[in-house]
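Contents: one structure, followed by commentary.
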Amino acid sequence: MSPVSTHQWQNWAGNQHATPRRVTTPRTTAEVAEAVRAAADDGLTVRMTGTGHSFTGAAVAEGVLLRPQGLTAVRSVDTARGLVTVEAGLPLHRLNAVLAEHGLALANMGDIQEQTVAGALQTATHGTGRDVAGLASQIHALELVLADGTVTTCSREERPELFDAARAGLGALGVVTAITWRTVPAFLLRAEEAPMRWDEVLGRIDEFDAANEHFEFYWFPHTEGCSTKRNNRADGPAEPLSAVKYWLDDQFLSNTVFGAINRVTHLAPAAAPVINRISAKALGARTYTDTSYKVFTSPRTVRFKEQEYAIPREHLVPALKELRALFDRRDWRISFPIEVRMLPAEDAWLSMAYGRPTAFIAVHVYHRDPHDAYFRGVEELLTALGGRPHWGKMHTRDAAYLGTVYPKFGDFLALRDELDPERRFANPYTRQVFGD
Ligand SMILES: Cc1cc2nc3c(=O)[nH]c(=O)nc-3n(C[C@H](O)[C@H](O)[C@H](O)COP(=O)(O)OP(=O)(O)OC[C@H]3O[C@@H](n4cnc5c(N)ncnc54)[C@H](O)[C@@H]3O)c2cc1C
């Protein structure tokens, strides 16, 4: 009888747990290949995790858990071509620092920089943008260990189908060991953040989206209040927030005070509308100019659960109106603002923005609050519009549904059948979303 595993794993939000049979920390691609072959010999599944920032069970490892911390080297920096190759476990914040040292940057990114490069990529992590899409669109090449233990590379020229499938592959086609990023020269972003009323935001979304490189907004449920963000490239000089203002806004108000608010609304949900009205008013306007990644990202210390759906861009305004109407009909009491972002079409097969200009609507609850009724209600609304769930954020969709909203879903499954017929890289989540 094999010994009972004592390895415990849980994700950032604390809503996913695993007890893998074995945990190893490979330090080279060869060691990853060795671990995959050893798992096959023992009849175990294998999965590398990132930093566990997915809310779904995407990173749950049942058999062998490969920790990312040994694979963090920067392999090469080609400043002239903007191509930078790093190992899969490097955290995004370290990638950003390395790029900055070489006068380079990612053209667009999401709200945080804690994830590993491979973990963020595998669920098609994105920010907001008019011209530049998500991480999967900023990749030049991938190195992967396949289920048979062989090492392969892919790019637009070399194994292009694998490249299109594996860029956002949920770890189901192979273990990514290295990523070559297509970067741009370092740039400054000027951030303009302003409170705005719901009617004005909805009336001017298209104008804001067309006029800004990165437009997004938050709506405070139960209120008229929104907080808008417009980020555009600037020549400089940099005018960052002062240390005091940064601490006050981004650490104290957005995290410490917001955490306290959520502890209150957890105990007294009926207070959420009043508190949201105060929060929406408290968020003032501010403008600053800083290194791109410092504007794109900010710290998040209040734990939450999240669901995010990607819908065709043209449905955004009707979807938001219907979402607001849902709040009027249901007895939800939600303290977390709803985040709205946009992205041009992407070409990675399982990117949520595949083949269509996309709008993202993200709903959150405090990690201790119930999410079922709220997330289910929003999910019903957005799936009726052909919505695609973010692979790393909570949803209830299965392969039967996903096959109807991803044109290349069948091609992905066929490639998976070919590359991993024994489902070496499967876990409960891939069984849910791919059907086996
Ligand atoms: C506070 C917070 C803010 C967030 N903000 C955003 C945002 O702005 N935009 C957005 O799109 N998402 C956002 N997310 C979601 C997050 O970016 C994704 O869930 C991302 O996948 C997490 O990366 P990770 O390193 O934690 O990977 P994990 O969650 O640990 O893993 C994600 C997937 O990648 C696989 N994987 C990891 N490494 C490898 C590898 N080397 N080879 C093959 N597969 C691998 C895992 O097995 C798993 O399937 C946020 C999440 C949180 C908690």
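Specify which of the listed residues (Trp349, Trp332) is away from the ligand (no atom under 16 Å from the Cβ), in a loop (DSSP other than H, G, I, E, B) and hydrophobic (A, V, I, L, M, F, W, C).
Only one candidate qualifies: Trp332.
Spot the failing condition for Ala58; the list is (1) closer than 21 Å to Arg300 by Cβ; (2) buried (at least 23 other Cβ atoms within 10 Å of the Cβ); (3) more than 10 Å from the ligand (Cβ to nearest atom); (4) outside the structural domain of Gln138 (by TED's automatic domain parsing), and only one is missed.
(3)
I'd like to know if segment 175-196 contains one or more residues that are touching a strand residue (DSSP E or B) at 6+ places or on another chain (Cβ under 7 Å), in the same structural domain as Phe327 (by TED's automatic domain parsing) and without any contact (Cβ under 8 Å) to a residue 40 or more places away in the chain.
Yes, because at least one residue in segment 175-196 is touching a strand residue (DSSP E or B) at 6+ places or on another chain (Cβ under 7 Å), in the same structural domain as Phe327 (by TED's automatic domain parsing) and without any contact (Cβ under 8 Å) to a residue 40 or more places away in the chain.
Which residues, taken from segment 304-356, are among the polar types (S, T, N, Q) and within 18 Å of the chain's Cα centre (by Cα)?
Gln307, Ser351
Output the residues belonging to segment 140-186 that are aliphatic (A, V, I, L, M), assigned to a loop (DSSP other than H, G, I, E, B) and farther than 30 Å from Ser292 by Cα.
Leu146, Ala147, Ala172, Leu173
Could you count how many residues in segment 204-231 are closer than 19 Å to Pro357 by Cα and out of contact with any strand residue (DSSP E or B) (no Cβ under 9 Å at 6 or more places or on another chain)?
3
Wholly within segment 26-104, which strands (runs of 3 or more DSSP E) include no fewer than the required count, namely at least 1 residues that are closer than 25 Å to Asn427 by Cβ?
Output list reads 46-48, 64-66, 83-87.
Out of everything in segment 335-346 that is among the aliphatic types (A, V, I, L, M) and more than 13 Å from the ligand (Cβ to nearest atom), what residue ends up being surrounded by the most Cβ atoms within 10 Å (Cβ to Cβ)?
Ile338
Would you point out the residue of segment 157-171, among those that are within 22 Å of Leu92 (Cβ to Cβ) and more than 8 Å from the ligand (Cβ to nearest atom), that is surrounded by the fewest Cβ atoms within 10 Å (Cβ to Cβ)?
Phe163
Please enumerate the residues belonging to segment 108-140 that are farther than 22 Å from Arg303 by Cα, surrounded by fewer than 22 Cβ atoms within 10 Å (Cβ to Cβ) and small (Gly, Ala, Ser).
Of everything in segment 108-140, nothing turns out to be farther than 22 Å from Arg303 by Cα, surrounded by fewer than 22 Cβ atoms within 10 Å (Cβ to Cβ) and small (Gly, Ala, Ser).
Being buried (at least 22 other Cβ atoms within 10 Å of the Cβ), more than 9 Å from the ligand (Cβ to nearest atom), among the hydroxyl-bearing types (Ser, Thr, Tyr) and closer than 22 Å to Arg388 by Cα, is that true of even one residue in segment 173-183?
Checked against the condition, which is being buried (at least 22 other Cβ atoms within 10 Å of the Cβ), more than 9 Å from the ligand (Cβ to nearest atom), among the hydroxyl-bearing types (Ser, Thr, Tyr) and closer than 22 Å to Arg388 by Cα, segment 173-183 yields no hits at all.
May I ask you to list pairs of residues, at least six apart or on different chains, whose Cβ atoms are under 8 Å apart, with the first in segment 115-143 being basic (Lys, Arg) and the second being in a loop (DSSP other than H, G, I, E, B)?
Arg130/Asn212; Arg130/Glu213; Arg130/Pro344
Looking at segment 123-163 only, could you name the residues that are of a type in the set (A, V, I, L, M), over 23 Å from Tyr429 (Cβ atoms) and under 19 Å from the mean Cα position of the chain (by Cα)?
Across segment 123-163, the qualifying residues are Val132, Ala133.
Collect the residues in segment 355-382 that are touching a residue at least 40 places away in the same chain (Cβ under 8 Å), surrounded by fewer than 17 Cβ atoms within 10 Å (Cβ to Cβ) and closer than 21 Å to Trp12 by Cβ, keeping them in residue-number order.
Matches in segment 355-382: Arg368 only.
Scan segment 282-293 and give yes if some residue there is in contact with a strand residue (DSSP E or B) (Cβ under 7 Å, 6 or more places away or on another chain), surrounded by 20 or more Cβ atoms within 10 Å (Cβ to Cβ) and among the basic types (Lys, Arg), otherwise no.
No, that holds for no residue.
Has segment 392-403 got at least one residue that is under 22 Å from Ile311 (Cβ atoms), of a type in the set (Lys, Arg), within 16 Å of the ligand (Cβ to nearest atom) and modelled with pLDDT of 95 or more?
yes
If I go through segment 383-436 residue by residue, how many of them are under 20 Å from the mean Cα position of the chain (by Cα), in a loop (DSSP other than H, G, I, E, B) and hydrophobic (A, V, I, L, M, F, W, C)?
The qualifying residues number 2.
All but one of (1) touching a residue at least 60 places away in the same chain (Cβ under 8 Å); (2) within 13 Å of the ligand (Cβ to nearest atom); (3) out of contact with any helix residue (DSSP H, G or I) (no Cβ under 6 Å at 6 or more places or on another chain) hold for Gly70; state the number of the condition that does not hold.
Going through the list (1) touching a residue at least 60 places away in the same chain (Cβ under 8 Å); (2) within 13 Å of the ligand (Cβ to nearest atom); (3) out of contact with any helix residue (DSSP H, G or I) (no Cβ under 6 Å at 6 or more places or on another chain), Gly70 breaks only (1).
Taking the condition small (Gly, Ala, Ser), more than 25 Å from the chain's Cα centre (by Cα) and crowded, with 16+ Cβ neighbours inside 10 Å, does Ala39 pass?
Here the answer is yes, as Ala39 does meet what is asked.
Within segment 73-90, restricting attention to residues that are within 12 Å of the ligand (Cβ to nearest atom) and touching a residue at least 60 places away in the same chain (Cβ under 8 Å), which residue is nearest to Leu170 (Cα to Cα)?
Looking at residues that are within 12 Å of the ligand (Cβ to nearest atom) and touching a residue at least 60 places away in the same chain (Cβ under 8 Å), I get Ala88.
Residue by residue through segment 397-422, note down the ones that are free of Cβ contacts under 8 Å to residues at least 24 places away in the same chain and surrounded by 14 or more Cβ atoms within 10 Å (Cβ to Cβ).
Once the filter is applied, which keeps residues that are free of Cβ contacts under 8 Å to residues at least 24 places away in the same chain and surrounded by 14 or more Cβ atoms within 10 Å (Cβ to Cβ), segment 397-422 yields Tyr401, Gly403, Val405, Leu413.
The values are calculated or read from the model by the stated rules, or taken from the named source; none is laboratory data. Computed from a prediction, not measured in an experiment: that's the story for all the values here. No Cβ is skipped: glycine too gets one built from the backbone with ideal geometry, and neighbour counts run over all protein chains shown.
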